[in-house]
1. Hey, among Glu70, Glu113, which residue is in contact with a Leu (Cβ under 8 Å, 6 or more places away or on another chain), open to solvent by 10 Å² or more (accessible area, probe 1.4 Å), farther than 17 Å from His6 by Cα and part of a loop (DSSP other than H, G, I, E, B)?
2. Within segment 207-224, how many residues turn out to be under 15 Å from the mean Cα position of the chain (by Cα) and among the β-branched types (Val, Ile, Thr)?
3. Kindly indicate whether Thr245 is crowded, with 23+ Cβ neighbours inside 10 Å and more than 24 Å from Arg24 (Cβ to Cβ).
4. (1) of a type in the set (D, E, K, R); (2) over 29 Å from Ala16 (Cβ atoms); (3) buried (at least 19 other Cβ atoms within 10 Å of the Cβ): which one isn't true of Asp204, the others all being true?
5. So, in segment 48-67, of the ones that are touching a Lys or Arg at 6+ places or on another chain (Cβ under 9 Å) and in contact (Cβ under 8 Å) with a residue 60 or more places away in the chain, which residue ends up most open to solvent (accessible area, probe 1.4 Å)?
6. Given the conditions (1) closer than 15 Å to Leu9 by Cα; (2) open to solvent by less than 20 Å² (accessible area, probe 1.4 Å); (3) outside any loop (DSSP other than H, G, I, E, B), and given that Val88 satisfies all but one, which numbered condition is not satisfied?
7. Which one is nearest to Asp44 (Cα to Cα), of the residues in segment 60-75 that are out of contact with any strand residue (DSSP E or B) (no Cβ under 8 Å at 6 or more places or on another chain) and β-branched (Val, Ile, Thr)?
8. Filter segment 1-46 down to the residues that are under 23 Å from Arg76 (Cα atoms) and open to solvent by less than 20 Å² (accessible area, probe 1.4 Å) and list them by number.
Amino acid sequence: MLVDSHCHLDFPQLIADIDGVVARAEVAGVGMMLTISTALSRFDKVLAIAERYDNIYCTVGVHPHEAEAEPDTVARQLIERAKHPKVVGIGETGLDYFYEHSPRDIQQHVFREHIKAARDTGLPLIVHTRDADDDTARILAEEMGQGAFPGLIHCFSSSRELAEKSVKLGLYISISGIATFKKAEDLRDTIRALPIDRLLVETDSPYLAPIPFRGKDNEPSFVVHTANTVAGLKDLSPEQLAARTTENFLRLFTKVPRP
């Protein structure tokens, strides 16, 4: 069984055919999906999907792009929503200095509030980082010094240095379809160097469809192609990679019942 550890099933490209998306994932061997919250204002729609399907879980959080729209997000709001049995993680949150849809100081404030919620609940923090390696590493280290919390860097495409710092902090690394792209050799080198017991796979669908679907809307069934690429990089069979990454997911997301 494979797990798509990060998808956005509430986004228009996927919700329009949600039953088909879920069915195709199951046929492909994707036995579990984690649909990710990007704004508290849309959380109810994310939760409704998780409630509808037995093998789908969700998170609660505010994406850095949405931080300016929801700057008053505090840990208490996240903690309260995380009491629901289908909410198994906090995020996605973090820093995005590539698009900077929200001011950096607001992004950092909202990021730290999510970390407080992860620390309080014990639920994993899902971190988005783009062109913000130094501040991401600094904030994670500062906050970890205030008290440990579980988490992962999702859709990893940053430097090997950030990957290694994150692993040293106890975090996991989630690999998306970017690993299949022709120009992603640096990322593939990083994947080769990382310990297998810290790796997850994801789609980040509807974005970043792996080869051979690049340019199309991504969906959870396509995580098989990313997983096969990672398996080759780690000298594992696809079945071994699926077993290892699923075990890693269940070890990190402890609120998810084991199948």
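The values are calculated or read from the model by the stated rules, or taken from the named source; none is laboratory data. Values in this document were obtained by computation on a predicted structure and should not be read as measured data. Methodologically, a virtual Cβ is constructed for each residue, glycine included, from the backbone with ideal geometry; neighbour enumeration extends over all protein chains shown. Protein only, heavy atoms only, side chains kept; ligands, DNA and RNA dropped before computing areas. Shrake-Rupley method; radii C 1.70, N 1.55, O 1.52, S 1.80 Å.
1. None of the others qualify; the one that does is Glu70.
2. The number of residues fulfilling the criteria is 1.
3. Values: crowded, with 23+ Cβ neighbours inside 10 Å: yes; more than 24 Å from Arg24 (Cβ to Cβ): no.
Criteria not met by Thr245.
4. Among (1) of a type in the set (D, E, K, R); (2) over 29 Å from Ala16 (Cβ atoms); (3) buried (at least 19 other Cβ atoms within 10 Å of the Cβ), the lone unmet condition for Asp204 is (2).
5. The selected residue is Tyr57.
6. (1)
7. Within segment 60-75, the first condition is being out of contact with any strand residue (DSSP E or B) (no Cβ under 8 Å at 6 or more places or on another chain), and the residues that meet it are 66-75.
If we keep only those that are β-branched (Val, Ile, Thr) too, we end up with 73-74.
Numbers: Thr73: 16, Val74: 17 Å.
Checking each candidate, the answer is Thr73.
8. At the first step, the residues of segment 1-46 found to be under 23 Å from Arg76 (Cα atoms) are 34-46.
Leu34, Thr35, Ile36, Ser37, Thr38, Ala39, Phe43, Val46 - these are the residues of segment 1-46 that are under 23 Å from Arg76 (Cα atoms) and open to solvent by less than 20 Å² (accessible area, probe 1.4 Å).
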